[in-house]
Amino acid sequence: MGQCQCGNSAESKEKYLAPLKKILEGYKKEQKDLIPVLQKAQEEYGYLPEEVIKEIANQLELSLSQVYGVVTFYSQFHLEPRGENIIRVCMGTACHVRGGGKVLEKIKDELGIDDGETSKDLKFTLESVACIGACGLAPVIMINDDTHGRLTPDSIPEILEKYKN
């Protein structure tokens, strides 16, 4: 972990954590509140920065390791900034057989990122997933809530272009 996103001055740290303090006001500060507080904090900040996790641990009177244990156990929580657009590439059997791997490679080439990474401009996060549940459209990707099916590597640049602006 590095320097706080807030800039490390007491005033800027207080301002940075103000939305979190507002979230915490709605809870009785019990251990059972940890997951809902983490979810709301991630919604607010886009991910769970170190300073936010420390403040949650402090306010809920939990150890830092307890909070990190929960954050790292559940895949819904993220310790690094994520892209504005989340691309999920299906790697299920139907998609794999119909060229899902080639579609994934094309996306990686187009965006210059690997599976599990976020582009430097924070526009895209790329994730391969076990199944999207749209096998009849294989190979399939989802970008945010939009499903794109029957893909070829050649169709990828045009689809990505729609999300770049």
> At q = 0.11, 0.14, 0.16, 0.17 Å⁻¹, what is the log10 ratio I(q)/I(0) for segment 1-91, with the Debye formula run over Cα points and no solvent?
Replying inline: -0.31, -0.50, -0.65, -0.72
>> I need two numbers for segment 107-146: Rg to one decimal and Dmax as a whole number, Cα atoms only, in Å.
In response: 11.2, 34
> With every protein chain kept in the model, how would you rank Ser119, Ser75, Ser128 by accessible area, 1.4 Å probe, largest at the top?
Replying inline: Ser75, Ser128, Ser119
> When the Cα centres of segment 122-161 and segment 79-109 are compared, how far apart do they sit, in Å?
Replying inline: 6
> Leaving out ligands, DNA and RNA, what percent of the accessible area of the chain is carbon and sulfur, probe 1.4 Å?
Replying inline: 47
> Can you give the translational diffusion coefficient of segment 48-115 in µm²/s, computed by Stokes-Einstein from the Kirkwood radius over Cα pairs at 10 °C and 1.306 mPa s?
Replying inline: 108
> Nearest 20 debye, what's the magnitude of the dipole of segment 1-128 about its Cα centre given +1 on Lys and Arg Cβ and -1 on Asp and Glu Cβ?
Replying inline: 280
> With r defined as the distance between the Cβ atoms of Ile35 and Lys15 and R0 fixed at 41 Å, what FRET efficiency is calculated, to the nearest 0.05?
Replying inline: 0.95
>> What does DSSP give for the chain in terms of the percent of beta bridges that are antiparallel, rounded to the nearest 5?
In response: 55
> Quick one: how many Å² of His78 are accessible to a 1.4 Å probe, rounded to 10?
Replying inline: 40
> Based solely on its DSSP helices, what 222 nm [θ] is calculated for the chain when runs of n ≥ 4 H residues each add -39,500 (n - 2.57) and the sum is averaged over all residues, nearest 500 deg cm²/dmol?
Replying inline: -13500 deg cm²/dmol
> Got the relative contact order for the chain handy, in percent, Cα pairs under 8 Å and 6 or more residues apart?
Replying inline: 18
>> Rg/Rh for the chain to two decimals, with Rh computed the Kirkwood way over all alpha-carbon pairs.
In response: 1.07
> Got a sec? What order do Arg98, Arg82, Arg88 fall in by accessible area at 1.4 Å, biggest, i.e. largest, first?
Replying inline: Arg98, Arg88, Arg82
> How many Å² of accessible area per residue for the chain, probe 1.4 Å?
Replying inline: 58
> When only the heavy atoms of the protein chains count and the probe is 1.4 Å, how do Thr72, Thr147 rank by accessible area, highest first?
Replying inline: Thr72, Thr147
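The values are calculated or read from the model by the stated rules, or taken from the named source; none is laboratory data. Keep in mind the model is a prediction, meaning the values are calculated, not measured. Don't worry about glycine lacking a Cβ; one is built from the backbone with ideal geometry, like all the others, and counts go over all protein chains shown. Accessible surface areas use protein heavy atoms only, side chains included; no ligands, DNA or RNA. Shrake-Rupley method; radii C 1.70, N 1.55, O 1.52, S 1.80 Å.
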